[in-house]
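First the structure, in the form of structure tokens, and then the observations on it.
The values are calculated or read from the model by the stated rules, or taken from the named source; none is laboratory data. All of these numbers come straight from a predicted model, not from anything done at the bench. In this analysis, Cβ positions are derived from the backbone assuming ideal geometry, glycine residues included, and neighbour counts consider all displayed protein chains. Surface accessibility is based on the protein's heavy atoms, side chains included, excluding ligands, DNA and RNA. Shrake-Rupley method; radii C 1.70, N 1.55, O 1.52, S 1.80 Å.
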Amino acid sequence: MNIDDLSWDKMGGLIPAIVQDAFDGRVLMQGYMNKEALTVTLEAGQVTFWSRSRQRLWTKGETSGHYLDLVDIHPDCDSDCLLIRARQEGPTCHLGLDTCFDVDGKVIPQLAFLADLERVIASRDEERPAGSYTTLLLESGVKRIAQKVGEEGVETALAAAAGGDEELLNESADLIYHLLVLLRSRKLELGSMVEVLKTRHGG
């Protein structure tokens, strides 16, 4: 991307920038960039905007510590808007929410819940709260978790072959949950598994 090729003149030297979670695809926030903000973002690796109210550069997270770590940037077809993919270091919204567009809790894509579930499992692994089933699983070790995945896989197959739709959905949910715990126990992420699937796409 050549910064000088973007359509800066349309909005007096500013371009709207939409920030998207690089993993689950949620729209996190929208801001504005000038050339300097875009340059700083590319060089520092943390999303930086031009604040119209403060009339200065503003790196998201500079006061809260909830930075947006840059993954990549893509201009739209008219070169007058940017899509920025980033990874969150804490909530993006000043209200303490993951995204500025989730004030009513109704705009998270369904599949994005898997990312949320993975984050919850990661926090259980780090904090090990007493009374948590996830804690119990993680403390039982990889072999036991792997056994549970095998058991849930068999139950899912049996539900598909001889059960109703509701039973199949419930068993599938159990299988996915235990698989996420198994990946976490090996310090692997769902995103890494998705990358493997992407390499097989079209096969």
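Here is a yes/no grid of residues against (1) touching a residue at least 40 places away in the same chain (Cβ under 8 Å); (2) more than 18 Å from the chain's Cα centre (by Cα):
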site	(1), (2)
145	yes, yes
167	no, yes
172	no, yes
186	yes, yes
191	yes, no
201	no, yes
Top-ranked residue of the range 1-60 - restricted to ones that are open to solvent by less than 70 Å² (accessible area, probe 1.4 Å), polar (S, T, N, Q) and in contact (Cβ under 8 Å) with a residue 40 or more places away in the chain, ranked as farthest from residue 192 (Cα to Cα)
7
Looking for something in a helix (DSSP H, G or I), on the phi < 0 side of the Ramachandran plot and either modelled with pLDDT under 90 or aromatic (Phe, Trp, Tyr) (or both) - is there at least one such residue anywhere in the range 127-135?
yes
Checking residue 70 against (1) open to solvent by less than 40 Å² (accessible area, probe 1.4 Å); (2) touching a helix residue (DSSP H, G or I) at 6+ places or on another chain (Cβ under 8 Å); (3) at negative phi, which test does it fail?
(1)
Which of the residues spanning the range 56-94 are closer than 17 Å to residue 15 by Cβ and part of a loop (DSSP other than H, G, I, E, B)?
60, 76, 77, 78, 79, 80, 81
Considering only the range 128-158, state which residues are open to solvent by 50 Å² or more (accessible area, probe 1.4 Å) and under 22 Å from residue 191 (Cβ atoms).
142
With 121, 84, 145 as the choices, which residue is in contact with a helix residue (DSSP H, G or I) (Cβ under 6 Å, 6 or more places away or on another chain) and closer than 16 Å to residue 24 by Cβ?
121
Residues to consider are 115, 122; find the one that is part of a helix (DSSP H, G or I), modelled with pLDDT under 95, of a type in the set (A, V, I, L, M, F, W, C) and buried (at least 16 other Cβ atoms within 10 Å of the Cβ).
115
Residue list for the range 159-192, restricted to those being open to solvent by 70 Å² or more (accessible area, probe 1.4 Å) and touching a helix residue (DSSP H, G or I) at 6+ places or on another chain (Cβ under 8 Å)
167, 170, 176, 186, 189
Can you tell me which residues in the range 1-51 are assigned to a loop (DSSP other than H, G, I, E, B), in contact with a Leu (Cβ under 9 Å, 6 or more places away or on another chain) and modelled with pLDDT of 95 or more?
6, 34, 45, 47
Single match in 59, 63, 92 (criterion: at pLDDT 95 or above and among the β-branched types (Val, Ile, Thr)):
59
Which condition from (1) open to solvent by 40 Å² or more (accessible area, probe 1.4 Å); (2) within 26 Å of residue 98 (Cα to Cα) is the one that residue 197 breaks?
(2)
Among (1) without any contact (Cβ under 8 Å) to a residue 12 or more places away in the chain; (2) surrounded by 13 or more Cβ atoms within 10 Å (Cβ to Cβ), which single condition is residue 88 missing?
(1)
